[in-house]
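For reference, the structure is listed below as structure tokens.
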Amino acid sequence: MVEPTKSANPTTASPEGGTMTPTPDQGPNKEQFEEIKEKVVVFLSELPGYVSKFFGEYQKPIVTILLIVVAVVTIKVLFAVVDALNDIPLVAPTFELIGMGYAAWFVYRYLLKASTRQELVQEVNALRKQVFGNKS
């Protein structure tokens, strides 16, 4: 089988006069390739600067979004673990008994007497002050 040879100057035939005219080179030439390569190299060398500038400008929203995503993933994992534990026989009723026992202890410890209720209010206010700060 003989392969057709490719000429350095491709030509096309005109159906009217039978003349052959050279066609322009259709593929990308070396100069275009070098120009594109240079642009890509410059962009990639400046990419860390772009990223640090972007993060510097939008640090708070980025951190907030990441914290929300982490919280959602954590809650989903926690629900999956609790669901897996509930599938084990006698674990769900045991957790319910532990929860009822803790609720009874909390009522006995903090809610029955006025003095312990006042202590609970002081602890809640101290925690609120730590979380939200002092109101001016």
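Values in this text are rule-based calculations from the coordinates and carry no lab data. Values in this document were obtained by computation on a predicted structure and should not be read as measured data. Quick reminder, even Gly has a Cβ in these numbers, built from the backbone with ideal geometry, and neighbours come from all protein chains shown.
Per-structure values
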quantity	calculated
Proximal lysines to LYS37, defined as alpha-carbon separation beneath 29 angstrom and excluding residues fewer than eight positions away on the same chain	LYS6, LYS53
Under the Debye formula (equal points on every Cα, no solvent term), log10 I(q)/I(0) of region 88-135 at q = 0.13 Å⁻¹	-0.50
J(HN,Hα) series, region 92-97, from Karplus relation 6.51 cos²θ - 1.76 cosθ + 1.60, nearest Hz, glycine and proline x	4, x, 5, 4, 5, 5
Pairwise label distance in nanometres, LEU112 with LEU66, each label 7 Å out on the Cα-Cβ vector	4.9 nm
Under 30 Å from LYS135, Cα to Cα: lysines that are on another chain or at least 8 residues apart	LYS60, LYS113
Stokes-Einstein D for region 30-86, Kirkwood Rh over Cα pairs, 10 °C, 1.306 mPa s (µm²/s)	105 µm²/s
